[in-house]
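Report on the structure given below.
Derivation of every value follows stated rules applied to the coordinates shown; laboratory data play no part. Worth saying up front: this structure is predicted, and the values here are computed from it rather than measured. Ideal geometry is used to build each Cβ from the backbone, glycine not excepted, and the neighbour counts take in all protein chains shown.
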Amino acid sequence: MPLQWSGLSPELLMVIDRDSGEPLRSQLEHQVRDAIRSGRLQVGERLPSSRELARSLGLSRGLVQDCYAQLQAEG
């Protein structure tokens, strides 16, 4: 069963599917990128803390931090 995190607003729905063949980090990066590109994440809007997102999705904090670092490096 996929785990979901909806953040502070229903527009930021993220789903992690452990049964898919895609790595967890790739799933998370893709979903955050999609939220940014589609406008679900507005300019200046804060992402959830790595602890909060990791706990909510059942991921390691390091994985979330790596994802955030990669997306920040991409601009």
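Which of the three applies to the stretch 3-74, rounded, prolate or oblate, going by the alpha-carbon gyration tensor with a ≥ b ≥ c and a/c under 1.5 meaning rounded?
The shape class here is rounded.
Using a basic spin-label model with each label point 7 Å from the Cα along Cα→Cβ, how many nm lie between ASP19 and ILE36?
Inter-label distance under the simple model: 3.1 nm.
Mind sorting SER38, SER49 by how few other Cβ atoms lie within 10 Å of their own Cβ, fewest first?
Ordered from fewest to most neighbouring Cβ atoms within 10 Å, SER38, SER49 come out as SER38, SER49.
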